[in-house]
Amino acid sequence: MAHKRDREATRTALLDCARVRFARDGYDGASVRDVAGDVGVDPALVFRYFGSKSQLFTEAMATSTASVVLPDGPVEELPAKLLHDLVFEDWAAYAGEHPLIAMLRSAGHEDMRDRVREQVCNGYLGILKELANGNDDAELRTELFAAWLLGIGILRTAVGTPTLTKATEQDLMPHLATVGEALFGRAIPVPADSPGPEATP
């Protein structure tokens with residue numbers, strides 16, 4: 001029984017370390033040797049437990065979609081909540097990034113590309129589209145807004161552009177309100193402690 005517990009603990013540790021590695025470095029950048037080294041085991045053990053790097057990746061990232069719970073509350077508040085979740089929330093299990101941003105690092109991998117599409121299309125876009133209702137091009141407006149949000153996350157973490165990396169959530173809120181109103185044709189509320197659009201230089 002102790003041997004089984006040790007085996008399960010090692011397997012869990014490998015999955016946890018692999019998740020962080022894949023989130024930070026992407027599928028191509030993370031190696032089985034690195035994951036094994038993080039846990040302190042021989043790389044051969046990884047193949048014994050998972051069979052291949054691809055299977056390790058699939059199992060490690062299997063919870064990426066399930067980890068994301070769309071914010072509840074009035075739909076008008078969703079943009080501000082998504083900005084917080086996508087860009088500023090600390091997702092420790094995914095190297096600090098939102099699982100969706102982490103998944104995008106490996107979007108060239110078929111399994112992860114399908115997960116990203118499912119998360120974006122069936123999750124965020126479906127709800128955000130409610131904000132664009134009444135516009136002939138509601139789908140386009142919705143996807144443009146989603147691209148803006150994801151672009152912020154990518155530039156901050158994957159690219160590391162200096163100004164966005166230093167920007168705070170409060171710095172971005174006025175621009176969120178401006179972009180949201182321009183695309184959705186309605187006022188987008190921001191948290192009370194954020195500066196209003198008129199404070200934008």
Considering only residues that are open to solvent by 30 Å² or more (accessible area, probe 1.4 Å), part of a helix (DSSP H, G or I) and under 18 Å from ALA146 (Cα atoms), which ones fall in segment 104-119?
LEU104, ARG113, ASP114, ARG115, ARG117, GLU118
Which one of the conditions (1) open to solvent by 50 Å² or more (accessible area, probe 1.4 Å); (2) within 19 Å of GLU143 (Cα to Cα) does ASP16 fail to meet, given that it meets all the rest?
(2)
Segment 172-201, residues that are open to solvent by 70 Å² or more (accessible area, probe 1.4 Å), modelled with pLDDT under 65 and under 21 Å from GLY73 (Cα atoms):
ASP193
Which of the residues spanning segment 120-138 are closer than 17 Å to PRO79 by Cβ and part of a helix (DSSP H, G or I)?
VAL120, GLY123, TYR124, LEU125, GLY126, ILE127, LEU128, LYS129, GLU130, LEU131, ALA132, ALA138
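Do we have VAL46 as modelled with pLDDT of 90 or more and either over 30 Å from ALA177 (Cβ atoms) or open to solvent by 30 Å² or more (accessible area, probe 1.4 Å) (or both) here?
On the way: modelled with pLDDT of 90 or more: yes; either over 30 Å from ALA177 (Cβ atoms) or open to solvent by 30 Å² or more (accessible area, probe 1.4 Å) (or both): yes.
Against the criterion (modelled with pLDDT of 90 or more and either over 30 Å from ALA177 (Cβ atoms) or open to solvent by 30 Å² or more (accessible area, probe 1.4 Å) (or both)), VAL46 qualifies.
From the residues in segment 26-64 that are in a loop (DSSP other than H, G, I, E, B) and touching a helix residue (DSSP H, G or I) at 6+ places or on another chain (Cβ under 7 Å), which one is farthest from ALA95 (Cα to Cα)?
That would be ASP42.
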Report yes if some residue within segment 78-93 is open to solvent by less than 10 Å² (accessible area, probe 1.4 Å), under 26 Å from GLU59 (Cα atoms) and at pLDDT below 85; otherwise report no.
no
Quick one: in segment 162-171, of everything that is without any contact (Cβ under 8 Å) to a residue 24 or more places away in the chain and surrounded by 14 or more Cβ atoms within 10 Å (Cβ to Cβ), which residue is farthest from PHE22 (Cα to Cα)?
ASP171
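The values are calculated or read from the model by the stated rules, or taken from the named source; none is laboratory data. Please read all numbers here as calculations on a predicted model, not as lab measurements. In this analysis, Cβ positions are derived from the backbone assuming ideal geometry, glycine residues included, and neighbour counts consider all displayed protein chains. To get the accessible areas, we keep the full protein, side chains included, count just its heavy atoms, and leave off ligands, DNA and RNA. Shrake-Rupley method; radii C 1.70, N 1.55, O 1.52, S 1.80 Å.
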